[in-house]
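Right, one structure below, let's go through it.
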Amino acid sequence: MSILVVGSVALDSVETPFGNRKDILGGSATFFSLAASFFSKVDIVAVVGEDFPRRYVKLLKDNGVGTLGLSVNKGKTFRWKGRYDYDLNTAHTISTHLNVFKDFDPRVPKDLSRPEFLFLANIDPDLQYKVLSQVKRPKLVACDSMNYWINTKRRSLEKLLGGIDILLLNDAEARQLSGESNLIKAASSVISFGPKAVVIKRGEHGVLYFSSKAHFVAPAYLLETIYDPTGAGDTFAGGMVGYLSRVGSINEAAIRKSIIYGSIMASFTVEDFSVNRLLKISRKDIKDRFDHYRKITSF
Ligand code: AMP
């Protein structure tokens, strides 16, 4: 089955206790699509500026990501600069330069307007909404957001939530959006905005899934070496939606398994900067980690 993703394609500058990198490939749609490409056909809708290195577009294509919906507009590429301290669960944003995203008017190419799965990756909720309204209703619409948009575009985000199936966000964002400090209460409050289910990402503490019918709890895959958590959330979503698209089903059992695949994919991303680790793994590495995960969580 096919997946369409709208989100950011970015040049990130990242500082972690283990090193600094400048203008490396990042963006929510980038991490998502590279992770999802291990499972399913995936196409991107995004914009970059004229300064975006051509080799990164080639990298996406070479890894099976469709770039028909990637526009190159006049101006500079979106840039995000962030820092992590020893508590790698919290990203501290130093700067966000929207650049070409400021005037971006996304157009979903006709050939991509009937995706079976749609992922609205972290980006301005008005742009997410524009993409949602240009496609035939997919089998599943999942969506991510972040503190930046909850602060600056809450109304737009609330309108968007009325049209989606699953919202993914981290624990701090769930608290911020709902005004509830308890995560069970936060999840029901988020569900009251419209989504059928919510996935709360808690970094090294794993993931919580809530729908009106079921709850599911998954620990993160245990890792000794973490270099850069940037993109973990988007990679998680890529593994999750990618798996659901591959099996073509969204029943409870498939959702649970998809959450484990999401966790496994994210565990690779954090082992290096940018998408470097994702580019080196094979399907066998994913399967090996999945089998190991099953062993260490069974009792
Ligand atoms: P995460 O998976 O949450 O770690 O997402 C990290 C990615 O989100 C980085 O590669 C950034 O380029 C991107 N990002 C950061 N801030 C924003 C924003 N306000 N809108 C869209 N994308 C962003």
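The values are calculated or read from the model by the stated rules, or taken from the named source; none is laboratory data. For clarity, every value in this text was computed on a predicted model and none was experimentally measured. Reconstructed Cβ throughout: ideal geometry from the backbone, glycine too, with neighbour counts over all protein chains shown. Note: accessible area is taken over every heavy atom of the protein model, side chains too, but ligands, DNA and RNA are not part of it. Shrake-Rupley method; radii C 1.70, N 1.55, O 1.52, S 1.80 Å.
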### Message
From Cα pairs below 8 angstrom and at least 6 apart in sequence, can you work out the relative contact order of the stretch 21-176, rounded to a whole percent?
### Response
17 percent
## Note on the structure
In nanometres, the difference between 0.36 nm per residue of separation and the alpha-carbon distance of Arg155 and Asn20 is 45.0 nm
### Query
Karplus couplings for the stretch 15-22 from phi (6.51 cos²θ - 1.76 cosθ + 1.60, θ = phi - 60°), rounded to Hz, Gly and Pro as x?
10, 10, x, 10, x, 10, 9, 10
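Regarding the stretch 99-251, what's the average projected area of the Cα-atom convex hull, expressed in nm²? Walk me through the intermediate numbers first.
On the way: hull surface 40.3 nm².
Mean projected area for the stretch 99-251: 10.1 nm², to one decimal.
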### Query
In sequence order, what are the phi-derived ³J(HN,Hα) couplings for the stretch 95-109 according to the Karplus relation 6.51 cos²θ - 1.76 cosθ + 1.60 with θ = phi - 60°, rounded to whole Hz, with x for glycine and proline?
7, 10, 10, 5, 6, 5, 6, 4, 10, 6, 10, x, 10, 7, x
#### Entry: Spin-label model distance (nm) - Arg83 vs Glu180, 7 Å beyond Cα toward Cβ
3.5 nm
### Message
Helix-only mean residue ellipticity at 222 nm, the chain, DSSP H runs n ≥ 4 weighted -39,500 (n - 2.57), per residue, nearest 500. What is it?
### Response
-10500 deg cm²/dmol
### Task
List the GluC sites (Glu not before Pro) within the stretch 207-297 that fall in a DSSP loop (any state other than H, G, I, E or B) and whose Cβ has at most 12 other Cβ atoms within 10 Å.
Glu224
### Task
Calculate I(q)/I(0) for the stretch 2-296 by the Debye formula, one identical point scatterer on each C-alpha and no solvent, and give its log10 at q = 0.08 Å⁻¹ to two decimals.
-0.29
## Note on the structure
Mean separation of Cα contacts under 8 Å (at least 6 apart) over the residue count of the stretch 2-296, i.e. the relative contact order in percent, is 18 percent
### Task
In whole Å, largest first, what are the principal axis extents of the Cα atoms in the stretch 232-296?
34, 25, 17
## Note on the structure
With a 1.4 angstrom probe the carbon and sulfur portion of accessible area for the chain, in percent, totals 50 percent
### Summary
Calc'd 3J(HN,Hα), the stretch 293-299, phi into Karplus 6.51 cos²θ - 1.76 cosθ + 1.60 (θ = phi - 60°), Hz, glycine/Pro = x, comes to 4, 4, 5, 7, 10, 8, 8
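Report relative contact order for the stretch 1-97 in percent, whole number only (criteria: Cα-Cα under 8 Å, sequence separation at least 6).
31 percent
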### Distance in nm between pseudo-label sites at Leu59 and Phe299 (7 Å out along the Cβ direction from Cα)
4.1 nm
## Note on the structure
Descending packing, highest mean Cβ count within 10 Å first, for 6-14, 60-68 is 6-14, 60-68
